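Following: one structure in structure tokens, then a few remarks.
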Amino acid sequence: MRRFALLTLGIMSVGFFSMSLVFFSQTALAEPNSSSDPALAPERLAHISENCTFIKQALTQLQRADSRTRTYLGSFYETVANNFLSPINLRLVKNNRPAPDLMNIQSDFSIAQTSFRNRYTNYMRDLESLIGTDCKARPEEFATRLNAARDSRASLHESVVSLNRLISEQGAAVRKLQESLHD
């Protein structure tokens, strides 16, 4: 049990720190929205129209990078759920030592994973719609879709933060359980 707990903590902490450094930073789609919506200012619309080709190339590169990151994170979260959260809870139940905190974390993690998948799908739809918009001919529509993609990306970022927080909570709960077993 001890070896399993230490392995769990080690892998989770490495994954948590690497994920939190890379994924879905708020700056990738430029500055966040503001209530006055400066994206629709005439100068901004002219800038969008003039730089349409460059903007589309950057967005396509962002889409590819986010797709790879999503695949990596999705696999990582599946590994955490299937190889760490579930097995430790099953083992504790089999040994008549159920840990409600760990069970709750597993449940919350499952819900957060579903949210992550749904938010990623929404983000990719918004990003594809943005990339498909003719920014040279319709800069206002492009700016509106850009705001929608930013909002979707921010929502996705919240999911990643939530999942990483749950991984940290799992590590703390395992350490606490480990200490209680040694007392």
In nm, spacing of pseudo-spin labels at GLU50 and GLU141 (7 Å Cα→C-beta vector): 2.3
Can you sort VAL93, VAL174 from fewest to most other Cβ atoms within 10 Å of each residue's own Cβ? VAL93, VAL174
Excluding residues on the same chain fewer than 8 positions from LYS56, give the aspartates and glutamates whose Cα lies under 19 Å from its Cα. GLU31, GLU43, ASP66, ASP126, GLU128, ASP134, GLU140, GLU141, ASP151
What's the FRET efficiency of ARG91 with ALA65 using the Cβ-Cβ distance as r and R₀ = 30 Å, to the nearest 0.05? 0.20
Considering only the other residues whose Cβ falls under 10 Å of the Cβ of LEU177, what net charge follows from Lys and Arg at +1 and Asp and Glu at -1? +1
Across segment 123-183, what fraction of all alpha-carbon pairs, as a whole percent, falls in each successive 10 Å bin from zero upward? 21, 26, 17, 14, 12, 7, 2, 0
Of the convex hull drawn through the C-alpha atoms of segment 41-182, the volume per residue in Å³ is 104
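Since every read-out is calculated from the coordinates, none of them should be taken as a lab result. This one's a predicted model, so the numbers in the text were calculated from it and none came from an experiment. Using ideal geometry, Cβ is built from the backbone for each residue, glycine included, and neighbour counts are taken over all protein chains shown.
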